[in-house]
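Notes for the one structure printed next.
The values are calculated or read from the model by the stated rules, or taken from the named source; none is laboratory data. None of the values given here were measured: they were computed from a predicted structure. Cβ coordinates were reconstructed from backbone atoms using ideal geometry, including for glycine residues, and neighbour counts include every protein chain displayed. Keep in mind that these areas ignore ligands, DNA and RNA; they rest on the heavy atoms of the full protein, side chains included. Shrake-Rupley method; radii C 1.70, N 1.55, O 1.52, S 1.80 Å.
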Amino acid sequence: MDRILIRGRNRLSGRVPISGAKNAALTLMPCAILTDEPLTLRNLPRLADVDGFGHLLNQLGASTAIEGTRPDEFGRVMTIRAGKVTSTEAPYDIVRKMRASILVLGPILAREGRARVSLPGGCAIGNRPIDLHLKALEALGAELEFTSGYVEARAPHGRLPGGRYTFPVVSVGATENALMAAATAGGSSCLDNAAREPEIVDLCRCLVAMGARIEGIGTERLEVEGVDRLHGATYAVMPDRIEAGSYACAAVIAGGDLTLAGADAAEMGATLAALRSMGAEVEEVPGGIRVAAEGRPKPLELSTAPYPGFATDMQAQFMAVLALADGTSVLTETIFENRYMHVPELARMGADVRVSGRTAVVRGVTGLTGAPVMATDLRASMSLILAGLAAEGETQVSRVYHLDRGYERLEEKLSAVGADIERASDG
Ligand code: EPZ
């Protein structure tokens, strides 16, 4: 199993290319099921989850062709053809490894009038039920049954009629599933209190490029006029705002001056505001964002929230930075009930964090020390990498398969700007 070794205290400077967004890619790929024509996705990140989703689409009968890109290039181009859907089932063996597989439920149901998808089961960061996905699809006219760990969905008369649904809480995934199902429904649909994340906007834009009719893009009310069929399209995945925010934290925790090439400040409002409050210099530059910082960050009070609030996917990375702040910070995690798995690992490096319920009090220390630590989930693993960049001595992060799910060629990107970092494989 691979480990990542970091020898900290190097100042970082230079250009970090930001890849396409994982959380956009995972909802754009299933759109291919909604048409029998090819969907070409550009700027697709090279990530384990994207590969996993490709395998799931193949399992359903779609072909996935990757256009050659130079090995030194980041991202790639994939053309997905679901000329014929040969299976309407997403099996447990695939879904248990990647929760985002649930995002084929809406598209298969819309395309074939029936779908059988394994229930995803638990996750390290929280229970993560899918009840809202199911309730939204029922509101669009689906009939659901549950048998041996699977949900069986049917569209009466083979096509969903469409309908209205108000989400009791904001859910990114449930909004995405309902949107994809509504795009080819027999009538119009209205989704209220829908998620407004930039990844949802990216999904809407891709669906519109395929011929869908959607009003209210970017707002909490999405109105979808179902169309008889969608056509193929070529679409570029948006830049990854969470990856960009993670590297911005690297510039603050290690000290330095980084340009996040391809990042879009318009989609990172809350993250950039928090960076500025910590004392970082943040400016939009042609083709990206520049982040520079020296010395100890200022402490903060931060509470995660649905977009445009502060992203839960940035909480762990900010905790690593605030562990070295000149004062005490308070973080509140409002989205997931178990997203502090990085705390005991950061404590092994000398961080002083006290968690009670959803709140973490972070007393800034003057320095961290390298240690062997273990990744527990995707963003927690990035917080350990960040702590390693600032720590005295060597940090060894194990279970880095978590990291590979969401960060494309991280060691390459960091060593190119001055970090002393490498991957070691235990064979
Ligand atoms: C998406 O997960 C992202 N994943 C997550 O990123 C991200 O943390 C999350 O949105 C919130 O921004 C992908 O896009 C693949 P939700 P998702 O449905 O869709 C509850 C990362 O690190 N809920 O918005 O699963 C749920 O338990 C990952 O890249 C229900 O109760 O998140 C949570 O408390 C981690 N019932 C809250 O809503 C439901 O049916 C928000 O979840 C659905 C969700």
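Can you tell me how much longer the chain between Arg114 and Lys97 gets when fully stretched, taken as 0.36 nm per residue apart minus their C-alpha distance, in nm with one decimal?
Between Arg114 and Lys97, full extension yields an extra 3.8 nm.
Report the relative contact order of the chain, percent, no decimals, based on alpha-carbon pairs under 8 angstrom and at least 6 residues apart.
Normalised by residue count, the contact order of the chain is 21 percent.
Below 8 Å between Cα atoms, with a sequence gap of 6+, how large is the relative contact order for segment 334-427 in percent?
Once divided by the residue count of segment 334-427, the mean separation gives 23 percent.
Which of the GluC sites (Glu not before Pro) across segment 254-314 are loop residues per DSSP, with 16 or fewer other Cβ within 10 Å?
Glu294
List the GluC sites (Glu not before Pro) in segment 357-427 that DSSP assigns to loop (not H, G, I, E or B) and whose Cβ has at most 13 other Cβ atoms within 10 Å. Which are they?
Here no GluC sites (Glu not before Pro) fit, given the DSSP loop and packing criteria.
Only bridges whose two residues both fall in segment 301-391 count here: according to DSSP, what percent of them are antiparallel, nearest 5?
Once the DSSP bridges in segment 301-391 are tallied, antiparallel ones form about 70 percent.
Non-local amide H neighbours of Ser303 (under 5 Å, H modeled in plane, Pro and chain starts lacking H): which ones?
Sorted by chain and number, the residues that satisfy this are Thr332.
Give me the percent relative contact order of segment 35-100, please, defined on Cα pairs under 8 angstrom at least 6 residues apart.
Taking the mean separation of contacting Cα pairs over the length of segment 35-100, I get 42 percent.
At 10 °C and 1.306 mPa s, grab the translational diffusion coefficient of segment 103-258 from Stokes-Einstein with a Kirkwood Rh over Cα pairs, rounded to a whole number in µm² per second.
96 µm²/s
Ranked from highest to lowest mean number of other Cβ atoms within 10 Å per residue, what is the order of the peptides 148-159, 363-374?
Ranking, from highest mean packing down: 363-374, 148-159.
Can you list the residues, at least 5 places off or on another chain, whose amide H is less than 5 Å from the amide H of Gly279, using H built in the peptide plane?
Those qualifying (amide H under 5 Å, at least 5 residues apart or on another chain) are Lys298.
Please identify which residues in segment 116-159 have an amide N closer than 15 Å to a label point set 7 Å out from the Cα of Ala48, following the Cα→Cβ vector.
Counting backbone N atoms under 15 Å from the label point, the list is 124-125.
Report ³J(HN,Hα) in whole Hz for each residue of segment 323-337, in order, from the Karplus equation J = 6.51 cos²θ - 1.76 cosθ + 1.60 where θ = phi - 60°; Gly and Pro get x.
5, 10, 6, 8, x, 9, 10, 10, 10, 10, 9, 9, 8, 10, 7
Could you state the number of Å between the C-alpha centres of segment 326-392 and segment 235-304?
Segment 235-304 and segment 326-392 have Cα centres spaced 19 Å from each other.
Placing unit charges on C-beta atoms (Lys and Arg positive, Asp and Glu negative, everything else neutral), compute the dipole magnitude of segment 331-427 about its Cα centre in debye, rounded to 20.
My answer is approximately 380 debye.
Have a look at the DSSP beta bridges in the chain and tell me what percent are antiparallel, nearest 5.
If I count the DSSP bridges inside the chain, around 70 percent turn out antiparallel.
On average over all directions, what projected area in square nanometres does the chain have, based on the convex hull of its Cα atoms?
18.8 nm²
Return the FRET efficiency for the residue pair Ile66, Val361: r is the Cβ-Cβ distance, R0 is 60 Å, and the value is rounded to the nearest 0.05.
The formula returns an efficiency of 0.80 here.
Percent of accessible area on segment 354-427 owned by carbon and sulfur, 1.4 Å probe?
Accessible surface attributable to carbon and sulfur in segment 354-427 totals 48 percent.
Between Ala236 and residues 5 or more places away or on another chain, which pairs have amide H atoms under 5 Å apart, with H built 1.01 Å from N, and which residues are they?
Those qualifying (amide H under 5 Å, at least 5 residues apart or on another chain) are Arg42.
Taking the Cα atoms of segment 269-309 alone, what are Rg (to one decimal) and Dmax (as a whole number) in Å?
Both quantities, over Cα of segment 269-309: 11.5, 31 Å.
Go ahead and estimate [θ] at 222 nm for the chain from helices alone: -39,500 (n - 2.57) per DSSP H run with n ≥ 4, summed, over the residue count, rounded to 500.
-8000 deg cm²/dmol
Can you list which of the GluC sites (Glu not before Pro) found in segment 66-142 are DSSP loop residues with at most 13 other C-beta atoms within 10 Å?
Glu73
Sort 19-25, 167-173, 317-323 by the packing proxy (mean of other Cβ within 10 Å over each peptide's residues), most packed first.
317-323, 19-25, 167-173
Let me make sure I get this right: for segment 220-271, a, b and c are the square roots of the gyration tensor eigenvalues over alpha carbons, sorted descending. Under 1.5 in a/c it's rounded, otherwise prolate if a/b > b/c, else oblate. Which is it?
Prolate, because a/c is 1.5 or more and a/b exceeds b/c.
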